Amino acid sequence: MDKISKFGIFTLLLISSLTIMVGTVIAPSLSAIAANQQLGFSPSWLITLPSLGVVLSATMIGRLLNKLGSLRLLVFGLVPYAFLGVIGAYITNDYVLVLDRILLGTATVAVQVSVTAFMADLFKGEDRLKMIAWQGMSIELGGVVFLALGGVLGEWHWQFPFYIYLIALVCLVLMAVALPKPGHSPNESKEISPTGGTGKSEVRLLFLASLLAMMLFFVGFVSLPLYLPNSFGFSESQTGYLMASISVVAIITASQMPKMVITLGGGKTVALGFLFFMLGYIVLATTLSVPFLVLTVVFIGMGFGFTIPLLNHLMIEVSTTQNLGKNLGLFSMGVFGGQFLSTFIESLSNNYKAIYGVSSVLALLIACSVYFLFQRIVKK
C-alpha cells in the first residue's frame, strides 16, 4: 500500500461512506419528513428511490469509467450528489422529488464505481482484500455517524438531515489534495478469485448474491424507522442509535472478514452471512422485547459484514481491466437494486412481524442456494 498516503486512504474511505448515506441519512426522521412534506407516496420510497436511479444508470456509468477514468468520474459524481441531496429538503412537488431522488442515485453509482475502481487499480491480492474490507467498514462507520447525526438533527428540524449530503463537497476538496493519479495497466491479466471461478456464471452469481444480500439488509432499514416508534415508542434519535448499532457490528464483522475467508473460503462466508440475516429477522418476528433487539442488531450487522464487502472484492477479482467498469456497474446495480426491492417486501403486509417472518425464510433459502452454487463453481 505504498502508492498512496494514509491521508489518501482516509479520503477513499470517507468517499466510500457516501454510498450508504444516500438513503439512510434521512431514515431516522422519516416519520417527521412524511408529516411535513405530505407525501403522496410511501415515505420509504425516499430511502429506496436512489436505488432505482442506480439500477437505471449503472450500465451507463460503468461504460463512462473506461472513457473518463476513475478520478474524473468521481468528480462527476460528487458535485451532483451534494446538490441533489440537499435540495430534497425544499422540493414540494411529489414528481420533482421522485426525479431528484432517482438522479441522486445516478450520482451515487458514479461515486461508488469510481472509488472502487481507483482502489482496484492501486491495490492487489491480499492488500486489495484488506482495503475492500476497510471500505466495507467505512461504509458502515458512515452509517453509524450519519444515522446518529441524522436522528439528532431530525429532532431539531426535519430538513436538517438533508444538509449532511454537503459532505460530498468536502470529499471533493480532499480528493484533489490527497489522491494520486492512478496508473492503468491495459494488458493486466485476469486474477483468479478465491471462489475458484473466472467465467460469466460467477459474475452472474455475484450480482445475484449482492442484490439479495442488500435486499435483506435494507428490509430492516426501510421498516425499522416506522416499526420502532410504533411498537416500542422509540424517538427519532433512539431509532437512529439502534440502526447505527447495526453498522457498528457490521464494522467489526467486516474487519474479521478476511480471516473468515482464509478459514472457510469466499462462498461459505457469503452463505454464513445470509444465515445471520435469517437469525436477525427471526428475532424481530418472534419478540417485542427491547433487550432482544440487541440480538437483531448483532445478527443483521454480521450478515452485512460477511456479504457485501466480500462480494465487492470477489467481483473485482474476476474482472479484467477491460471489463472492470462493466462488472462494478453490475455490482452497484445488484446492491442498490436490492435496496429498491426491499420496498416491495416491506409493502407485502401492514404486519411487520409477517414481513420479518418472510424475510427470515427467504434468507434461509438464499443461504442454501448460494452455498451450493458457489460449490458448483469451485468444482468446475
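The values are calculated or read from the model by the stated rules, or taken from the named source; none is laboratory data. Computed from a predicted structure; not experimentally measured. Don't worry about glycine lacking a Cβ; one is built from the backbone with ideal geometry, like all the others, and counts go over all protein chains shown. Heads up: the accessible areas ignore ligands, DNA and RNA and are worked out on the full protein's heavy atoms, side chains in. Shrake-Rupley method; radii C 1.70, N 1.55, O 1.52, S 1.80 Å.
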**Prompt:** Looking at the range 288-299, is at least one residue open to solvent by less than 20 Å² (accessible area, probe 1.4 Å) and within 21 Å of the chain's Cα centre (by Cα)?
**Reply:** yes
**Asked** In the range 248-280, which residues are over 19 Å from Ile20 (Cβ atoms), free of Cβ contacts under 8 Å to residues at least 60 places away in the same chain and open to solvent by less than 30 Å² (accessible area, probe 1.4 Å)?
**Response** Thr269
**Prompt:** Between residues in the range 16-33 that are more than 25 Å from Ser70 (Cβ to Cβ) and hydrophobic (A, V, I, L, M, F, W, C) and residues that are surrounded by fewer than 24 Cβ atoms within 10 Å (Cβ to Cβ) and at pLDDT below 80, which pairs lie under 6 Å by C-beta distance while being six or more apart or on different chains?
**Reply:** Leu30/Pro43
**Prompt:** In the range 208-217, is there at least one residue being within 22 Å of Val145 (Cβ to Cβ), at pLDDT 80 or above, open to solvent by less than 20 Å² (accessible area, probe 1.4 Å) and within 22 Å of the chain's Cα centre (by Cα)?
**Reply:** yes
**Prompt:** Which of the residues spanning the range 82-109 are part of a loop (DSSP other than H, G, I, E, B) and of a type in the set (Lys, Arg)?
**Reply:** none
**Complete:** For Ser44, the lone unmet condition from (1) of a type in the set (S, T, N, Q); (2) touching an Asp or Glu at 6+ places or on another chain (Cβ under 7 Å); (3) modelled with pLDDT of 90 or more is (3)
**Message:** Can you tell me which residue is least open to solvent (accessible area, probe 1.4 Å) among those in the range 1-43 that are closer than 13 Å to Leu97 by Cβ and polar (S, T, N, Q)?
**Reply:** Gln37
**Those residues of the range 72-99 which are open to solvent by 10 Å² or more (accessible area, probe 1.4 Å) and within 22 Å of the chain's Cα centre (by Cα), in sequence order** = Val75, Phe76, Val79, Pro80, Phe83, Leu84, Val86, Val98, Leu99
**Asked** With (1) assigned to a helix (DSSP H, G or I); (2) under 26 Å from Val144 (Cβ atoms); (3) not small (Gly, Ala, Ser) as the list, and Asp121 as the residue in question, which single condition is left unmet?
**Response** (2)
**Complete:** Condition set open to solvent by less than 30 Å² (accessible area, probe 1.4 Å) and either in contact with a Cys (Cβ under 9 Å, 6 or more places away or on another chain) or of a type in the set (Val, Ile, Thr) (or both), scope the range 100-130, selection nearest to Gly40 (Cα to Cα): answer is Thr108
**Asked** Can you tell me which of Ser289, Ser255, Ser210, Ser245 is small (Gly, Ala, Ser), in contact with a helix residue (DSSP H, G or I) (Cβ under 7 Å, 6 or more places away or on another chain) and over 28 Å from Asn327 (Cβ atoms)?
**Response** Ser245
**Item:** Counted residues, the range 319-376 - those being polar (S, T, N, Q), assigned to a helix (DSSP H, G or I) and over 22 Å from Pro229 (Cβ atoms)
**Value:** 5
**Message:** One residue is enough: does the range 353-360 have a residue meeting the conditions open to solvent by 10 Å² or more (accessible area, probe 1.4 Å) and within 15 Å of the chain's Cα centre (by Cα)?
**Reply:** no
**Asked** Only one of (1) open to solvent by less than 10 Å² (accessible area, probe 1.4 Å); (2) within 18 Å of Thr116 (Cα to Cα); (3) without any contact (Cβ under 8 Å) to a residue 60 or more places away in the chain fails for Leu46. Which number is that?
**Response** (2)
